[in-house]
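Visitor: Okay, handing you the structure first.
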Amino acid sequence: MNQLPSIRLLTSVVGRDLRLLLASRATLIPLVVLPLVIFAGLPLLVGLVPGALNLPGGDQQQLLSLLPAALPADTLAALPDDPEAQVATILLVSLLAPILLVVPVILATVAAASAIAGERERRTLELLLLSPITDRQLLLAKTIGAWLPAVTVSLLGALVYQGIATALLAGHGVRPFPNLLFTLLMGWVAPALAAVALLAVVVVSGRTPTVQDAIQLGGVLVLPLIGLLVAQSAGVLLLAPVHAAAGGAVLWLFAAGLLHAGSRALSRDLLATRL
C-alpha cells in the first residue's frame, strides 16, 4: 500500500508531461510532420517516382550488386526483372532502414528537451522540486513521458511504411514485409535508440537554460545513423538480423547505464542550484 502514493505521483507527472507535449506546437508539429515525411512520403517517393532519385547508371548497378546480401532469400527469389523495380525493392526493404531509425531519435530528443529545460523556461521547476517526488522517480517520470510518444509514433509509422511499401511492390509480385530484420529494427532497436537519446537529452536539459540548447544534442545523436546509411549505400556494411539483435542489446545496456547515471545528474540539490 505504501507504493500507491509514489505510483500515483509518478503517473501524474507523466500525464502532465504528455499533456504539455501535445499542447505545444513546437513539439506537436515534429511528432506529426516528421513521421509523415519519413514513413509515408519516403516510400511513396521511391515506389511511385523512381526517376525522382535520378540515380546515375553506375550507382544503380552498384545497388543491384548488393541484392544478394541486402535482401531476404524469399524476397530475392521473387524479384522482378525490371531493374528500377529491383532498385526500389532494395531501397525500401534494406538500405533506407537507418533513415527510419532517425524518427525515434528525433522525436525522443524533442520530447525530452523540455523535460527539465522546459520546466525551467515555464518557471515550474521550483514547484516540481518542492513536490514529494524522489530524484529517481523524477528521472523515471521524465523518461517515460518522452519515451512513450516517441516509440508509439515510431511503431505506428513503421506499420504505415510497411503497408505502403507492400502495396507499391505488390504490383511487381514482391511481398517483402513482414521480415525479421525490419521487425527487429523497429521493435527492438528503435525503442532502445529512443531510450538512449531521451536519457542523454534529459540529463543535458538539467544543465542547460533553454530547450533549444538541449535539442542540439539530437543532431549529434543522428550522425551515427547517417554514417550507417552511407556505409550501407557504399556496400561497406549491410544490416542483418544478427546486427540488429546485437546492436539493440548494446543500446539497452547503454540506456540502463544512463538511467543509473542520470539519477545522480538530476539530483534535487543540483537542479536547485540552477533555478
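The values are calculated or read from the model by the stated rules, or taken from the named source; none is laboratory data. Treat the numbers as computed from the prediction; the structure is a model and nothing was measured. Positions of Cβ are backbone-derived with ideal geometry, glycine not excepted, and every protein chain shown enters the neighbour counts.
Visitor: Scan segment 18-42 residue by residue and report those that are more than 30 Å from A88 (Cα to Cα) and not charged (D, E, K, R). Don't jump to the end; show me each part of the working.
Guide: Filtering segment 18-42 down to residues more than 30 Å from A88 (Cα to Cα) leaves 18-28.
Within segment 18-42, L18, L20, L21, L22, A23, S24, A26, T27, L28 meet the criteria.
Visitor: Now a separate question. Are any residues in segment 133-166 hydroxyl-bearing (S, T, Y) and within 14 Å of L258 (Cα to Cα), and if so, which ones?
Guide: T143 - this is the single residue of segment 133-166 that is hydroxyl-bearing (S, T, Y) and within 14 Å of L258 (Cα to Cα).
Visitor: What tally of residues in segment 142-183 results from selecting those that are assigned to a loop (DSSP other than H, G, I, E, B) and β-branched (V, I, T)? So that I can check it myself, show each step before the final result.
Guide: So the first thing to find is which residues in segment 142-183 are assigned to a loop (DSSP other than H, G, I, E, B), and the list is 171-179.
Restricting the remaining residues to those that are β-branched (V, I, T) gives 174.
So the answer is 1.
Visitor: Here's something else I'd like to know. V49 - would you say it is among the β-branched types (V, I, T), surrounded by fewer than 19 Cβ atoms within 10 Å (Cβ to Cβ) and at pLDDT below 80?
Guide: So V49 fits the description; yes.
Visitor: One residue is enough: does segment 82-91 have a residue meeting the conditions at pLDDT 70 or above and not in a helix (DSSP H, G or I)?
Guide: Among the residues of segment 82-91, at least one is at pLDDT 70 or above and not in a helix (DSSP H, G or I), which makes the answer yes.
Visitor: May I ask you to verify whether L221 is at pLDDT below 85 and crowded, with 16+ Cβ neighbours inside 10 Å?
Guide: Details: at pLDDT below 85: yes; crowded, with 16+ Cβ neighbours inside 10 Å: yes.
So L221 passes the test.
Visitor: Find all pairs meeting these conditions: Cβ atoms under 7 angstrom apart; at least six residues apart or on different chains; first residue within segment 173-201 and closer than 20 Å to L31 by Cβ; second residue acidic (D, E) and modelled with pLDDT of 85 or more.
Guide: Listed pairs, sorted by first residue: none to list.
Visitor: Right, another one. So, in segment 1-14, how many residues would count as being of a type outside the set (A, V, I, L, M), closer than 14 Å to L139 by Cα and at pLDDT 75 or above?
Guide: Counting residues in segment 1-14 that are of a type outside the set (A, V, I, L, M), closer than 14 Å to L139 by Cα and at pLDDT 75 or above gives 2.
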